[in-house]
Amino acid sequence: MEALILLVPVSLLLGALGLIGFLWALRSRQYDDLEGAAARILFDDQPGKDPPP
Amino acid sequence: MTDLKRPFIADAPQSAAACAHCGAALAPAQGRFCCTGCEAAYGLVRGLGLDAFYRRRESADGALRPEAAPPAFDALPLIREDADGVKSLDLMISGLTCGACVWLVEQALAAEPDVIKARVSFSTRRLELRWQGAAERGNELIVLLSCLGFRVAPYTPACMRATEDAEGRALIRALGIAAFGAMNVMLVSIAVWVGEDMGAHTREFMHWLAALIGLPTVLVAGMPFYRSAAAALRAGRVNMDMAVSLGVLATAGMSLVETFRNGPYTWFDGATALLALLLAGRVFDRTARKKARQAVAEVLALQDGMVALIAVDGTTRLVPAASVEAGQCVQIAVGEALRLDGRARTETLLDTAAITGESLPRDFVAGAALPAGAVNMGAPFMLEVTAPARDGSLAAMARLLEAAEQSKGRFVSIADHAARHYVPIAHAIAAATFLLWWVGFDALWQEALVNAVCVLLITCPCGLAIAVPAVQVVANGALFKRGVLVASATALERLAEADCAVLDKTGTLTEGRPVLIPEGQDPQILHAAAGMARASRHPLAKALLRACPEAPLVPDTREIPGQGLEAGTARLGSPAFCDLAGLSDGMVLVYRASADAAPVIFRFADRLRADAPQAVADLKALGLPVELLSGDGPGAVASAAIASGIEAWRAEADPRAKAAHIENLKEAGRKPLMVGDGINDAAALAAAHVAASPAGATDLAQTTADIVLQREGLAMLPEAIRIARRAQILARQNIGFALAYNVIAVPAAIAGLVNPLIAALVMASSSLIVIGNALRAGRA
């Protein structure tokens, strides 16, 4: 019983963190181009260009 | 890139006869590239060190062939500048076929030293570009993309509207919340279901925990359903969402009462899981249709009008057609479509196929009213605009369409039809159950309510609500793979019901563009003439080049606008230009190697699509009598009808007559499928029971059509009807199945034999069976 007092809030907190993460990803438009993101991750970036100043 | 010493050429992907860049089939005489544009593009990609692209891409169907003279637009007015001098530009990019294309575009742009950001969204076709330096660089970057074979257009507000999907994002958000809620409530609920030795206080704590998670979830994630139900209620209609809303809210309310009473069970888990399941169905359904909408938006953006406005000082600049006012003048290039109504001060030769269906270009005298939508086949000329876009003939047509579209909005889909009968019955049974137990059996009101809620939960049309959308998602996906876009939600149902087909001729049954008639011309002369034709954008020159695409450009070719091409002594152009009397203008080009050489005549015609007879035969086999309805002359229509095997045809039908013919068919109780591509077909398309437009149709026809065939030819039309009919059968099966479930389960619920756990299980299993059945819709 005492374990529940601790574990229930912890599990809820972790779940809520996940939900907040999901809502943040949705808001920052990361769900807008699922196909593109899936393809892009497979390819290397071209090295050799200096980062812009 | 393991062996850098290998020669350039040997490294190219060597399939037997496909262009190394665009993958188009090659003629035997061609080397490794189908045209000089592809050769240049291949060199460019190699030069950037990006040739991994050719190994990574998944499809190569010739779509990536760079145009000889890409239709340039001036991006300067679209470029925005930040405070720190960084320029940014949004573009719509066409020709992306797979992830490798996204990579190629991004890396090719990123290799430019001044580009800060180049990001392509694969699903919305939007390219966001940011660079440091002069604004003029924007146009150079666009040229770079054109050289690679991608087509670029401004990212217009219309694109934005088509791709911005606030409602879709709200659905995903609701799904995320519902899934989170369902999983967490389940955690608590399972403890209560199995923990029979649990103390009363622990159980109360668990109930309150479930309520704490479940109630907000039900209230927030259910919003899409509550909104839709409220809208239907206000309009005095009944829909499935009402049953869903009532079922979910009643379950949640009951559970709350049980929480206060500290009863044995609560059912927040069922309510939240149901929401998550239904929302997942909605999200999939929407994603499938969004793909189709975006593909249409992509086509529209490429056609969207920029016109060359001639300013008072004589300079020209490209502006959106919508911003031009009456009285201003725009320059019309050869082969360009008129975006606005107007007059010309000179004689003009226009192809009006899109507006009237005539297959031959027609002469217009100076000062005659020129309709928007016509294509300039003669010399470039100055168009004096007589009406701004919003008042012009295209806008008038669009208004006509809106009126016709509204009648289509009254179509009742099979799901709504089922809901109309189902929802009142289900709710009546639930109410009767409550009264029966409370009054009839003198039970406690709580017990009566539990049984009533069980009825609501079982009748909550989870299977029914998924029955039709699941089939549609699968069928739309199968059609999308075959290059058929389904633009409207009820299009499949209407397509399955169609019982006669009306086809347009020009551009639908025929290819809608001139094709060289082979008359035994000397291949060498054809080769030389096509080489000259490469220098021109005139539609006939392009047709000649298509007949002999491997011909290299003849050096020093000069275009004399409105007459022809000249290279040294050789001439290619109109009969008059080549001093050949007695041959009328029109679909003819004449070639003379020198002034005293014999003239060679190239005739062109609008050819019947190769698969048209087969498609007509298939349509007939599906039980759809086929009619041909065209604005062209009787001779051309009759020959096309005979060649494609159509008995019933009518020529010289203007847009009004076409729409009237469709209306007559509908009044006679028929459900006509109209297939057309032109502006003149738009009214008939809108009036028809269901409308389809072939590849390359005008934008007006594409926006009006329910179904857009993306690939050349009509072969996919009978296929689409077969898939639609099959989907319809499966949807009916699914509805029947969901109802059969209810017929068995509801009496059990009324009798009080079902507790909410069994109700939830029954519901979920019926949904799974319905979804499994829907998956069969993909197989044609």
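Tell me whether segment B:357-368 contains one or more residues that are of a type in the set (Val, Ile, Thr) and touching a helix residue (DSSP H, G or I) at 6+ places or on another chain (Cβ under 7 Å).
no
Looking at (1) within 22 Å of B:Val455 (Cα to Cα); (2) out of contact with any Leu (no Cβ under 7 Å at 6 or more places or on another chain), find the lone condition where B:Met240 falls short.
(2) is the only condition that B:Met240 fails.
Tell me, yes or no, whether segment B:244-260 has at least one residue that is among the acidic types (Asp, Glu) and more than 40 Å from the chain's Cα centre (by Cα).
Yes: one or more hits.
Only one of these is outside any loop (DSSP other than H, G, I, E, B) and of a type in the set (A, V, I, L, M): B:Ala489, B:Ala541. Name it.
B:Ala541
Report every pair of residues separated by at least 6 positions or lying on different chains whose Cβ atoms are under 8 Å apart, first residue within segment A:1-13 and at the interface with chain B (Cβ under 10 Å from one of its Cβ atoms), second assigned to a helix (DSSP H, G or I) and not aromatic (Phe, Trp, Tyr).
A:Met1/B:Thr202; A:Leu4/B:Thr202; A:Val8/B:Leu209; A:Ser11/B:Asn184; A:Ser11/B:Leu187; A:Leu12/B:Asn184; A:Leu12/B:Ile213
Being facing chain A (nearest Cβ under 9 Å), among the polar types (S, T, N, Q) and surrounded by 18 or more Cβ atoms within 10 Å (Cβ to Cβ) is the filter here, so list the residues in segment B:173-203 that pass it.
Of everything in segment B:173-203, just one residue is facing chain A (nearest Cβ under 9 Å), among the polar types (S, T, N, Q) and surrounded by 18 or more Cβ atoms within 10 Å (Cβ to Cβ), namely B:Asn184.
Quick one: B:Gln524 ticks every box in (1) surrounded by 15 or more Cβ atoms within 10 Å (Cβ to Cβ); (2) assigned to a helix (DSSP H, G or I); (3) polar (S, T, N, Q) bar one, so which box is it?
That leaves (1) as the condition not met.
Quick check on segment B:246-268: of everything there that is crowded, with 23+ Cβ neighbours inside 10 Å and at pLDDT below 85, which residue is farthest from B:Met223 (Cα to Cα)?
B:Thr266
Which residues, taken from segment A:22-35, are under 16 Å from the mean Cα position of the chain (by Cα), part of a helix (DSSP H, G or I) and at the interface with chain B (Cβ under 10 Å from one of its Cβ atoms)?
Scanning segment A:22-35 gives A:Phe22, A:Leu23, A:Ala25, A:Leu26, A:Arg27, A:Leu34.
Give me the helices (runs of 4 or more DSSP H) completely within segment B:375-472, filtered to those with at least 3 residues that are at pLDDT 80 or above and not assigned by TED's automatic domain parsing to the domain that holds B:Gln328, ordered by residue number.
Qualifying helices (runs of 4 or more DSSP H): B:414-435.
I need every pair where a residue in segment B:111-136 that is within 9 Å of chain A (Cβ to nearest Cβ) has its Cβ under 9 Å from the Cβ of a residue that is among the hydroxyl-bearing types (Ser, Thr, Tyr) and crowded, with 19+ Cβ neighbours inside 10 Å, sequence separation at least 6 or different chains.
These pairs meet every condition: B:Ser121/B:Thr163; B:Ser123/B:Thr163; B:Thr124/B:Thr163; B:Arg126/B:Tyr155; B:Arg126/B:Thr163.
Looking only at residues in segment B:137-153 that are among the β-branched types (Val, Ile, Thr) and buried (at least 17 other Cβ atoms within 10 Å of the Cβ), which one is nearest to the other protein chains (Cβ to nearest Cβ)?
B:Val152
Identify, please: which residue in segment B:73-104 is part of a helix (DSSP H, G or I) and within 11 Å of chain A (Cβ to nearest Cβ) and is, among those, farthest from B:Leu44 (Cα to Cα)?
That would be B:Gly99.
Can you work out which of the residues in segment B:86-110 that are in contact with an Asp or Glu (Cβ under 7 Å, 6 or more places away or on another chain) and in contact (Cβ under 8 Å) with a residue 60 or more places away in the chain is surrounded by the most Cβ atoms within 10 Å (Cβ to Cβ)?
Ranking the candidates gives B:Met92 first.
So for segment B:156-170 (the condition being polar (S, T, N, Q) and part of a loop (DSSP other than H, G, I, E, B)), does at least one residue qualify?
Yes, some residue in segment B:156-170 is polar (S, T, N, Q) and part of a loop (DSSP other than H, G, I, E, B).
Yes or no: B:Ala641 out of contact with any strand residue (DSSP E or B) (no Cβ under 9 Å at 6 or more places or on another chain), surrounded by 17 or more Cβ atoms within 10 Å (Cβ to Cβ) and either among the aliphatic types (A, V, I, L, M) or closer than 21 Å to B:Glu358 by Cα (or both)?
no
Mind listing whichever residues of segment B:338-364 are of a type in the set (A, V, I, L, M) and modelled with pLDDT under 75?
B:Ala353, B:Ala354, B:Ile355, B:Leu360
Do we have any residue at all in segment B:667-678 that's surrounded by fewer than 19 Cβ atoms within 10 Å (Cβ to Cβ), without any contact (Cβ under 8 Å) to a residue 60 or more places away in the chain, assigned to a loop (DSSP other than H, G, I, E, B) and hydrophobic (A, V, I, L, M, F, W, C)?
Looking through segment B:667-678, at least one residue is surrounded by fewer than 19 Cβ atoms within 10 Å (Cβ to Cβ), without any contact (Cβ under 8 Å) to a residue 60 or more places away in the chain, assigned to a loop (DSSP other than H, G, I, E, B) and hydrophobic (A, V, I, L, M, F, W, C).
Inspect segment B:529-547 for any residue being polar (S, T, N, Q), modelled with pLDDT under 80, within 28 Å of B:Ala24 (Cβ to Cβ) and buried (at least 20 other Cβ atoms within 10 Å of the Cβ) and give the result as yes or no.
Taking every residue of segment B:529-547 in turn, at least one turns out to be polar (S, T, N, Q), modelled with pLDDT under 80, within 28 Å of B:Ala24 (Cβ to Cβ) and buried (at least 20 other Cβ atoms within 10 Å of the Cβ).
State the number of residues belonging to segment B:70-114 that are modelled with pLDDT under 80 and closer than 30 Å to A:Leu42 by Cα.
Counting residues in segment B:70-114 that are modelled with pLDDT under 80 and closer than 30 Å to A:Leu42 by Cα gives 7.
Any idea which of A:Ser11, A:Ser28 is of a type outside the set (A, V, I, L, M, F, W, C) and exposed (fewer than 10 other Cβ atoms within 10 Å of the Cβ)?
A:Ser28
Tell me the residue from B:Leu572, B:Leu565, B:Leu540 that is in contact with a Pro (Cβ under 8 Å, 6 or more places away or on another chain) and closer than 16 Å to B:Ala379 by Cβ, please.
Sole residue among the options that is in contact with a Pro (Cβ under 8 Å, 6 or more places away or on another chain) and closer than 16 Å to B:Ala379 by Cβ: B:Leu540.
The values are calculated or read from the model by the stated rules, or taken from the named source; none is laboratory data. Remember, it's a predicted structure, so these values are computed and weren't measured experimentally. Every residue, glycine as well, gets a Cβ built from its backbone with ideal geometry; the counts of neighbours run over all protein chains shown.
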